[in-house]
Amino acid sequence: MNRVMVIGKAHSREVRKEGRMNRTRRIIRKNIHYYFLLLIPLLYILVFSYGPIIGNILAFRKFVPGGSIYGEEWTGLRYFKMFLGEASFWRAFNNTWLLNIYHLVFTVPVSILFALIVNEIKPARMRNLVQTVSYLPNFISIVVVVGLMTELLSPTYGLVNELLGKLGVPPTFFMNEAGWFRTLYISSEIWQFTGWNSIIFFAAITSIDHQLYEAADMDGAGRLQKIWHVTLPQIMPTIVVVYIMSFGHLMTVAFEKVLLMYTPSNSERSDVIETLVYRIGIQSTNYSYSTAISLFGGLLGLVIVVTANALAKKYTRYSLY
Amino acid sequence: MRTIRRYEDWVFKLVLALFIIVVFGAVLLPFVHLHAVSFSSSAANASGKVSFLPIGFHTMAYQFILSHRDILSGFRNSVLQTTVGTALSLLLMTMCAYPLSKKIAGQSFFIWMIMLTMLFNGGMIPTYMMIKGLGMLDTIWAVILPFCITPYYLMLMMNFFREFPEPIEEAALIDGLNPIQILFRIVLPLSKPILVTMALFMVVFYWNNWFSSLIYLNKTSMYPIMLIVRNILDGQQLVNSGMAGQETTKYVSTASLKAASIMVTSLPIFILLPFTQKYFTKGALIGAVKG
């Protein structure tokens, strides 16, 4: 009896020791599989994300056709000095940040408002239907959206001019007028993305503690007061984060859309940094010069996000990282 | 007090009803109008009489569009790009997100490395040079590979895998499966919501992607449908027509051609969306709350 127990103890000690070794071995083995899985994606990211980032070195080097994609000889800040002294660059620069400021000022509040209103629709089926319909434009190509605009706003047969004509307004070629560019750009952004962008605010709203609303009910708050005093303050962190994120794109607009909406006659407003990069780089194959312009825009964007984040952290306690 | 509350409620309901009507109208009416234009005669279109119902009904625009060689090859190219791109994307993103959702050495470094590319990327020209340097110009890879891993979507997937019940994985481990087998045999079959969501996002992305084809591809025969449509909308002449040019232009106005091409290319998305809706809101919410 006694002997058996001793043997059992020794045996179990042995088993435990072996178990521990097995476990460490197993953990290593387990991790090896994970690293094996990671290998290809990490290589991919090095090549396709960090490759081009390193490729920005081209901004400081002279590119020779047929030569290395990283340029042939150092030129220092020559290309930067070149565009900083050019009027077309400054026009594009100002158009870029102005377009983005307008974008920020209008689109984010509209999606917050949208989320707040839709949240008040009580029958769940109706609410879901409204949401689904509002997501639809998000999935449609920008090509189609701009095409839609061009068709609706055409001065000869467009629906909008037709309706305005009935009110006695002479036809306007909206897509061709510089003065209308920003309005059209932003209103179509609102049309296309409000529903989708409000998802994140919906998520924030649904995670609000119900007791807060019950307490507000007890205090006799109406529906509007509940939105103002409970919902809005509760989704504030989300709003701040969304704003910081959007600041990062201050120097890069949805440039494909600008390119699609671009006509020579609205170029005064529709020339942005990236269309400039596209025209100088891809169309005129002036690679180094246009890399310098886009690097400048990208770095400026990075500085703006970091600053916005720091400011938000300091004054609102909410931040991205 | 009570009457005030009831009055407020009534106004509230009215405002909501109006709001719902405005949302529906704003989203759907443009398409209803284009639908009408695409079926209307050129005379009716030119005089601007068409609003929401076709006038002088005909289907010539659709016949023209659907028999056009460029459009047919465009559809084929788009389908190819979309399927290959989506499959590759899902595979690469899963291979990346699953290990990173586990506590392994270097995890936070890798995550930071990937997230950094969200704030700062290479830019158009260096990316172009990269693609050129890899010899991918004028191949389908140029319009697929650069978009396979999207940091934001990767984050959503990582959050999803992190929530995966650990006991199931541990049980499988004890049964002698290795983590790669666990991923493909056990985790993925149970991760349908996130996979469908990602697939939908990627399908929509590749289907709508036209700009990279514009810069990386030179042959019209390789163009995806959206680039062809963009050229049609741009007013470029439709060459290689399958139908006799003179005859059709007499009856079909450019307006209905443009409208028909918009309708035809948006249709797949319209059809796809309702079926996947229940998945993607859930998928998008998972990431939105945690991220």
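The values are calculated or read from the model by the stated rules, or taken from the named source; none is laboratory data. Predicted, not measured: the structure shown is a model, and the values here were computed from it. Note that we place each Cβ from the backbone using ideal geometry, even for glycine, and neighbour counts take in every protein chain shown. Note: accessible area is taken over every heavy atom of the protein model, side chains too, but ligands, DNA and RNA are not part of it. Shrake-Rupley method; radii C 1.70, N 1.55, O 1.52, S 1.80 Å.
Values for this structure:
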item: Where trypsin sites (Lys or Arg not before Pro) fall in DSSP loop in the stretch A:48-108, at most 11 other Cβ within 10 Å; result: none
item: 30 Å Cα-Cα threshold exceeded, pairs from A:K313/B:K103; A:K257/B:K219; A:K81/A:K314; B:K132/B:K278; result: A:K81/A:K314; B:K132/B:K278
item: Under 20 Å from the A:Y70 label point (7 Å along Cα→beta-carbon), backbone N, the stretch B:95-134; result: B:121-134
item: Residue-averaged 222 nm ellipticity for chain A, from DSSP H runs of 4+ at -39500 (n - 2.57), nearest 500; result: -22500 deg cm²/dmol
item: DSSP-assigned coil residues among GluC sites (Glu not before Pro) in the stretch B:124-213, each with at most 13 further Cβ atoms within 10 Å; result: B:E163
item: Dipole-positive endmost among B:Q81, A:S187, A:L43 within the protein assembly as shown (Cβ charges, Cα centre); result: A:L43
item: Chain B: DSSP helices with Cα axial extent of at least 20 Å and average Kyte-Doolittle hydropathy no lower than 1.0; result: B:2-39, B:192-208
item: Solvent-accessible area of A:M245 with every protein chain in place, 1.4 Å probe, in Å² to the nearest 10; result: 80 Å²
item: Largest-first ordering by accessible area, 1.4 Å probe, given options A:L276, A:L84; result: A:L84, A:L276
item: For the stretch B:256-270, residues shielded by at least 50 square angstrom of accessible area compared with the chain on its own, probe 1.4 Å; result: none
item: Size of electric dipole in the protein assembly as shown: Cβ of Lys, Arg +1 and of Asp, Glu -1, about Cα centre, debye, nearest 20; result: 1940 debye
item: Label-point gap, in nm, between A:K314 and B:A43 - each point 7 angstrom along Cα→Cβ; result: 7.1 nm
item: Nearest-0.05 FRET efficiency for A:L129 and B:N178, computed from C-beta distance (R0 45 Å); result: 0.45
item: Global geometry of chain A, whether rounded, prolate or oblate, following the gyration tensor of its Cα atoms and the 1.5 cut on a/c; result: oblate
item: Three-way shape call for the stretch B:152-221 based on the alpha-carbon gyration tensor, with the a/c threshold at 1.5; result: prolate
item: With Cα atoms, 0 to 90° folded angle of helix A:2-45 axis to chain A main axis; result: 20 degrees
item: Area of A:E177 that stays accessible when all protein chains are in place (1.4 Å probe, Å², to 10); result: 80 Å²
item: Probe 1.4 Å - accessible area at B:K132, Å² to nearest ten; result: 90 Å²
item: Charged-residue dipole, Cβ positions (Lys, Arg, Asp, Glu), chain B about Cα centre, Debye nearest 20; result: 520 debye
item: Net charge, A:I142 excluded, C-beta distance under 15 Å - Lys, Arg +1, Asp, Glu -1; result: -3
item: Protein-protein interface of the stretch A:252-280, residues with accessible area decrease of at least 10 Å², isolated chain reference, 1.4 Å probe; result: A:F255, A:E256, A:L259, A:L260, A:E274, A:V277, A:Y278
item: Apportionment of accessible area to carbon and sulfur, the protein assembly as shown, percent (1.4 Å); result: 66 percent
item: Size of electric dipole in chain A: Cβ of Lys, Arg +1 and of Asp, Glu -1, about Cα centre, debye, nearest 20; result: 2200 debye
item: Those residues of the stretch B:75-92 for which accessible area with every protein chain present is at least 10 Å² below the isolated value (1.4 Å probe); result: B:L92
item: Shielding of A:42-48 by partner chains, average beta-carbon count, 10 Å; result: 6
item: Charge dipole (the protein assembly as shown, unit charges on Cβ, about Cα centre) - positive-most of B:L29, B:P151, B:S41; result: B:P151
item: Chain B: C-alpha gyration tensor shape, a/c 1.5 cut-off, then a/b vs b/c; result: oblate
item: GNM top mover of A:S270, A:S207, A:S88 - chain A, alpha-carbon springs below 10 Å; result: A:S207
item: Farthest positive-ward along the stretch B:150-220 dipole, Cα basis, beta-carbon charges - from B:N209, B:A171, B:F160; result: B:N209
item: Sparsely packed trypsin sites (Lys or Arg not before Pro) within the stretch B:155-238, loop by DSSP, other Cβ within 10 Å at most 14; result: B:K219
item: For the pair A and B, total buried accessible area rounded to nearest 100 Å², probe 1.4 Å; result: 7900 Å²
item: Efficiency of FRET from Cβ geometry, A:L299 and A:L232, R₀ 30 Å, rounded to 0.05; result: 0.30
item: Whole-number accessible area per residue in Å² for the protein assembly as shown, which is evaluated in the context of all protein chains at 1.4 Å; result: 50 Å²
